[in-house]
Amino acid sequence: MIGLQTDGTTNVVTVPVSYSKRLTNNADAWWWYRSETAVGIMSWDISQYDPAKPAANQTVIKNFGTYVHPNGEVRRSIVFTHQEATPRRMMINLSDTHISIADIQDLTNPVIQSVVEVAPYV
């Protein structure tokens, strides 16, 4: 599910994605695919909209890359401001089996804070 959050300074969009990643064993040249899941992190700034430009040349949305969730397929991301002495933008990701918490104050460099197993994969 796509997530939207604004904290007055930045508008954040999160998009969970799942994909297969090719892995190789250099010792014997075997390869295989492993499923991974991540959350794409973007922001939008409507003040960047220029009515003189065509839609393809607008720069309203900025892509910051991805945060790889450690286990399970991300079903939902929640972005919120953690109220500390210095407020921090945080993200919680929920998959079938795990919850991950990341500090995304710097959108280009998400930092994992914790991973909690909710239910074992059986």
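The values are calculated or read from the model by the stated rules, or taken from the named source; none is laboratory data. Everything numeric in this text was worked out from a predicted model, so none of it was measured. Cβ placement follows ideal geometry from the backbone for every residue including glycine, while neighbour counts extend to all protein chains displayed. Just the protein is used for accessible areas: all its heavy atoms, side chains included, with ligands, DNA and RNA removed. Shrake-Rupley method; radii C 1.70, N 1.55, O 1.52, S 1.80 Å.
Quick look at the numbers
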{"item": "Solvent-accessible ranking of HIS69, HIS82, HIS98, largest area first, probe 1.4 Å", "result": "HIS82, HIS98, HIS69"}
{"item": "Rounded to the nearest 10 Å², the accessible area of GLU73 at probe 1.4 Å", "result": "80 Å²"}
{"item": "Solvent exposure of the chain as accessible area per residue, Å², 1.4 Å probe", "result": "66 Å²"}
{"item": "Accessible area (Å², 1.4 Å probe, nearest 10) - SER77", "result": "10 Å²"}
{"item": "Entry for Rg/Rh (Cα atoms, Kirkwood Rh) (calculated from the structure that is shown) out of [x] 0.94; [y] 1.07; [z] 0.98", "result": "[y]"}
{"item": "LEU94 accessible area, 1.4 Å probe, all protein chains in place, Å² to nearest 10", "result": "80 Å²"}
{"item": "Magnitude of the charge dipole, the range 13-122, Cβ model with Lys/Arg +1 and Asp/Glu -1, debye to 20", "result": "200 debye"}
{"item": "Share of carbon and sulfur in the accessible heavy-atom surface of the chain [1.4 Å probe, %]", "result": "55 percent"}
{"item": "Heavy-atom SASA rank of ASP103, ASP7, ASP96 (probe 1.4 Å, accessible area, largest first)", "result": "ASP96, ASP7, ASP103"}
{"item": "Of PRO110, PRO70, PRO51, the one that fluctuates the most in a GNM where the chain has Cα springs shorter than 10 Å", "result": "PRO51"}
{"item": "Dipole-positive endmost among ILE99, SER35, PRO51 within the chain (Cβ charges, Cα centre)", "result": "PRO51"}
